[in-house]
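The block underneath contains the structure these notes are about, expressed in structure tokens.
The values are calculated or read from the model by the stated rules, or taken from the named source; none is laboratory data. A quick note: this is a predicted structure, and the numbers were derived from the prediction, not measured. Please note: Cβ atoms are built from the backbone with ideal geometry, for glycine as well, and neighbour counts cover all protein chains shown.
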């Protein structure tokens with residue numbers, strides 16, 4: 001029989017938590033499940049499907065226990081069936097249920113049953129104890145009891161009482177232990193996202209005749225996201241050229257209050273609820289004055305940016321198989337092969353996305369002002385068609401793990417740089433010379449200060465290696481303060497490295513066993529009345 005499409009309908013604008021008193025048409029429960037999820041960097045698009053059968057006329061399909069984290073305005077409904085039908089209004093209401101029964105809730109229910117069973121056993125033992133006590137009392141109160149019968153009665157009663165008391169004490173001890181387990185289970189249920197009631201979705205449908213078909217519900221949810229992570233493996237064969245293998249991975253997690261089992265999972269490199277257009281700038285006014293004046297307007301971001309930032313959830317931390325990779329002109333997506341499951345408790349799963357190889361320029365880098373260690377660095381090109389996104393990277397050098405770093409955003413075909421741990425075969429030594437200074441007595445006279453240092457670098461490898469040393473000279477923020485490099489300083493290879501004012505670098509190709517010495521210093525002069533010379537890191 002030919003399938004006939006059900007008309008898609010937008011979500012009717014309803015205020016959340018507002019219950020409509022108008023009676024809906026005959027309600028038909030639709031058993032639904034999550035079929036597919038598209039994870040963005042900040043949210044997820046969920047596709048839930050179900051099958052229905054409706055009579056001719058008006059009916060209302062009800063899909064229960066949809067995620068409590070859904071964005072109501074994002075709900076969309078589509079369908080297909082064996083007869084012509086029209087989808088009308090779609091209503092989202094808070095669910096009156098208690099959420100999906102999770103493992104934590106099942107455990108709590110089991111513990112409560114065990115406690116009730118122990119309570120029943122305690123009551124039975126106490127009843128038995130009272131019966132024994134009543135028997136003993138009746139024997140003692142009997143008219144003209146024979147003395148010869150009393151010892152036999154006590155012998156018969158005492159073991160029974162002792163046994164009942166021991167039984168009651170043991171059962172009460174077991175109940176106390178279960179009480180502790182019950183308290184922990186209650187806390188687990190409170191923290192379990194599946195225990196939070198979600199929403200019920202009511203879909204009004206008008207069928208020209210009896211119809212059977214499938215309905216699809218799509219909606220956005222918070223508290224589900226993925227983040228890029230990487231493995232970088234450098235093979236360094238004692239030459240300036242190395243080979244770098246970069247493996248893309250994804251950490252995915254969700255706490256949306258839904259069961260995501262046996263779903264199709266797609267990862268998108270875009271944000272679902274982030275900004276979609278550039279902010280609008282207003283006129284910026286200025287006037288003379290001093291910082292802190294009460295009438296000075298505060299500079300704050302536009303309201304729409306504030307709202308979007310407040311909607312973002314905190315970052316949360318996240319099986320391995322290669323993915324299908326597709327790319328449009330503006331973003332990329334990765335399809336996880338097969339059907340996968342994401343736990344509802346926020347547990348992270350890691351998926352392998354792709355990998356590529358690239359030639360790497362290997363060199364040693366050191367900033368002896370802060371640390372005299374020499375670190376092995378590698379520059380490589382992103383040969384993939386997809387940008388590399390900001391994220392943590394696990395670093396391996398010649399097969400050995402050397403640490404964790406951070407990869408910055410790298411567009412396709414552009415260059416990135418990563419450090420691969422210290423190189424103990426290259427030694428760096430910094431020698432600080434005593435600071436020289438002069439402070440004149442006259443206020444208008446010039447004071448000065450000189451600072452000088454030397455850096456020695458030695459290549460202990462049995463092969464040549466390229467070395468870069470970085471240092472810096474202060475940058476004056478006052479026209480009266482003059483800072484000049486000492487004339488006997490070793491000329492740097494590069495100034496203002498990576499657009500960092502005052503940062504200089506020296507590049508050398510050191511032969512095996514070769515040593516180089518770098519002299520570097522500066523002289524600062526300023527009017528004495530300006531105070532003392534001081535420097536600080538620019539933030």
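Of all residues in the range 146-198, which are more than 30 Å from residue 223 (Cα to Cα), in contact with a helix residue (DSSP H, G or I) (Cβ under 7 Å, 6 or more places away or on another chain) and at pLDDT below 70?
Those that are more than 30 Å from residue 223 (Cα to Cα), in contact with a helix residue (DSSP H, G or I) (Cβ under 7 Å, 6 or more places away or on another chain) and at pLDDT below 70: 153, 157.
Which is exposed (fewer than 12 other Cβ atoms within 10 Å of the Cβ) and closer than 24 Å to residue 370 by Cα, of 477, 455?
Exactly one residue qualifies, and that residue is 477.
Taking only the range 466-484 into account, find how many residues are more than 23 Å from residue 431 (Cα to Cα) and part of a strand (DSSP E or B).
Final tally of qualifying residues: 1.
Only one of (1) surrounded by fewer than 16 Cβ atoms within 10 Å (Cβ to Cβ); (2) not assigned by TED's automatic domain parsing to the domain that holds residue 332 is not met by residue 430, so which one is it?
(1)
From the list 88, 79, exactly one residue is buried (at least 19 other Cβ atoms within 10 Å of the Cβ) and at pLDDT below 90. Which is it?
That would be 79, the only listed residue that is buried (at least 19 other Cβ atoms within 10 Å of the Cβ) and at pLDDT below 90.
Kindly provide the set of residues from the range 485-539 that are over 39 Å from the mean Cα position of the chain (by Cα), assigned to a loop (DSSP other than H, G, I, E, B) and farther than 28 Å from residue 459 by Cα, ordered by number.
Those that are over 39 Å from the mean Cα position of the chain (by Cα), assigned to a loop (DSSP other than H, G, I, E, B) and farther than 28 Å from residue 459 by Cα: 531, 532, 533, 534.
For a quick check of your reading: which strands (runs of 3 or more DSSP E) sit entirely within the range 206-311 and have at least 3 residues that are more than 22 Å from the chain's Cα centre (by Cα) and at pLDDT 60 or above?
In the range 206-311, 211-221, 224-236, 241-254 are the strands (runs of 3 or more DSSP E) which contain 3 or more residues that are more than 22 Å from the chain's Cα centre (by Cα) and at pLDDT 60 or above.
From the list 520, 533, which residue is in contact with a strand residue (DSSP E or B) (Cβ under 8 Å, 6 or more places away or on another chain) and modelled with pLDDT under 90?
Step by step, each of 520, 533 is checked, and only 533 is in contact with a strand residue (DSSP E or B) (Cβ under 8 Å, 6 or more places away or on another chain) and modelled with pLDDT under 90.
Kindly indicate whether any position in the range 106-120 is under 29 Å from the mean Cα position of the chain (by Cα) and at pLDDT below 75.
No, because not a single residue in the range 106-120 is under 29 Å from the mean Cα position of the chain (by Cα) and at pLDDT below 75.
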